[in-house]
1. By average Cβ neighbour count within 10 Å, what is the ranking of A:132-144, B:236-248 from highest down?
2. Based on the Cβ-Cβ distance of residue A:164 and residue B:145, what FRET efficiency does E = 1/(1 + (r/R0)^6) give at R0 = 60 Å, to the nearest 0.05?
3. Is the C-alpha gyration tensor of the stretch B:331-424 telling us rounded, prolate or oblate? Criteria: a/c under 1.5 is rounded; beyond that, a/b larger than b/c is prolate, otherwise oblate.
4. With N set to the number of residues, divide the alpha-carbon radius of gyration of the stretch B:373-424 by 2.2 N^0.38 Å and report two decimals.
5. Expressed as cubic angstrom per residue, what is the convex hull volume of the alpha carbon set of the stretch B:216-364?
6. Return one quarter of the surface area of the convex hull spanned by the alpha-carbon atoms of the stretch B:321-369, equal to its mean projected area, in nm².
7. Hey, what does the equivalent ellipsoid look like for chain B, semi-axes from the Cα gyration tensor as sqrt of 5 times each eigenvalue, largest first, whole Å?
8. On a 0 to 90° scale, report how tilted helix B:85-94 is relative to the longest principal axis of chain B, with both axes built from alpha carbons and the result rounded to the nearest 10.
């Protein structure tokens with residue numbers, strides 16, 4: 001009888017140990033957490049009931065016209081069709097030579113490349129020629145006459161407020177960063193243009209139809 | 001020679017058929033390319049995006065299969081939008097107006113090709129089925145069970161053998177006529193008791209120490225989040241950069257949880273989960289991705305049927321459960337590590353691109369921090385563009401590297417073990 005009890009006990013403990021759930025859903029215990037939790041309110045720390053009751057969540061839009069510390073200046077045009085038209089005359093406040101293109105490229109690849117593609121061909125991993133999850137085709141930034149002719153101010157307006165399926169990137173990119181990204185796109189468009197016209201000039205000597213593409217690009 | 005004639009005939013026929021088919025294919029391909037370059041930024045075949053869905057639009061009551069009306073609209077958007085009640089209603093519904101096309105930039109045959117492509121795509125439902133469903137992995141769990149069972153069986157066999165051994169010994173003693181006193185039962189045998197006590201002390205001590213060290217540590221912590229957000233789908237399959245959502249990691253102490261509008265950048269148009277692998281939670285329960293996206297819309301206050309009426313400022317924050325918690329007496333800065341130190345996210349957060357539900361990969365203990373500071377090499381080449389100019393002030397180390405005294409500089413050498421670096 002005793003032997004049976006011992007064996008049964010072994011089997012039961014074995015089963016308990018083996019069948020233990022490996023997913024850890026609890027935070028565990030703390031021992032003397034004197035300096036573990038901040039007395040002051042910390043970002044993303046559990047805010048407690050008092051803050052929650054007062055509705056203090058910081059995900060709303062900033063007050064209109066607010067300029068963050070270190071930010072350039074407020075963009076004054078409104079998000080409407082009149083503002084969109086006016087934006088074409090807005091010029092980039094950045095001096096072209098002083099723009100850190102490496103950083104601009106990084107910003108483009110992180111924030112824009114996912115849809116507009118690392119090659120700016122409007123075919124990023126989210127669209128993948130229609131096989132990706134994104135429904136609308138992102139703009140072909142290099143190689144589409146509409147976007148090559150688009151004023152930098154209009155681009156800035158669209159990035160700031162969003163356009164069609166694209167959302168606003170004002171929360172992810174500062175004003176300066178948005179202008180940097182647009183400078184990067186414009187530089188790539190210029191590079192693409194010289195490349196295609198060079199290719200076209202080569203082929204136009206041999207083939208006539210190539211002229212057609214040249215005139216279209218111009 | 002005569003028999004050759006039918007063969008050549010058949011061959012030409014075959015060629016003709018082949019070319020005609022490939023011609024059709026080129027036509028449909030053209031339609032796809034045209035659709036993608038001219039229409040797809042605002043229209044989708046299956047869903048309303050910025051403009052109405054185009055699948056089956058031709059069969060709607062207004063058009064009644066008449067391509068002429070389509071041409072009229074495409075070439076006359078600017079007049080029809082203010083005169084035709086059908087289009088005035090559409091304008092009210094979608095809030096934006098289509099760009100008018102000219103006949104020379106988009107001739108009628110191109111429109112035909114586009115609508116042929118739309119028809120073919122719309123009537124082939126197989127393209128919308130989810131691909132390659134993945135089963136949840138249970139092999140590691142099964143392995144643990146198998147090992148447990150095997151060790152149990154071995155333990156029982158060992159017990160039986162010991163019993164058999166003592167019985168046999170008793171029998172042989174009996175046969176040889178050696179009278180021995182009745183053996184002490186094993187639970188009163190001092191050797192046994194001492195052994196068990198020792199084992200108990202060692203094992204118990206091990207677990208007590210381990211438990212005490214583990215107090216307030218949360219390795220493997222994997223809480224259930226308000227929305228089943230899969231990093232595997234977003235950062236893995238769809239290759240979204242970590243910094244797209246956690247951009248603050250580049251610029252500040254916190255890696256920052258994205259606000260709802262960042263989710264909505266993509267989910268304004270991605271309203272359902274159909275193209276990725278099947279999703280399962282840690283308990284093995286199947287997750288409906290589309291339902292999870294619906295949860296996001298609840299927080300955002302977004303109605304997929306009326307996308308233009310959405311007001312981002314009305315969104316409610318999602319209260320994600322924080323997984324990585326450092327005590328308040330430790331200072332940690334993300335930008336210092338990933339921007340200045342060039343540390344990859346995965347070094348501390350594990351293979352996040354393969355995690356459906358995120359769990360804490362690292363211990364986040366002081367020993368773990370210090371160990372990495374001892375081993376991580378600092379990029380000291382400040383003279384070329386890859387390194388940090390700040391390191392030029394460590395003249396002694398540069399001289400030591402030049403003279404061969406040191407081969408590399410670790411974080412430890414530039415003060416990475418100073419208490420005040422992290423505790424102040």
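1. A:132-144, B:236-248
2. 0.65
3. It is prolate, given that a/c is not under 1.5 and a/b is the larger ratio.
4. 1.19
5. Spread over its residues, the Cα hull of the stretch B:216-364 gives 124 Å³ apiece.
6. On the way: hull surface 16.0 nm².
Answer in nm², one decimal: 4.0.
7. Semi-axes, largest first: 65, 38, 27 Å.
8. Taking Cα atoms only, the helix is inclined about 20 degrees.
Only the coordinates and a few stated rules stand behind these numbers; no lab work does. Computed from a prediction, not measured in an experiment: that's the story for all the values here. Because the Cβ atoms are built from the backbone with ideal geometry, glycine has one as well, and the counts that use them run over all protein chains shown.
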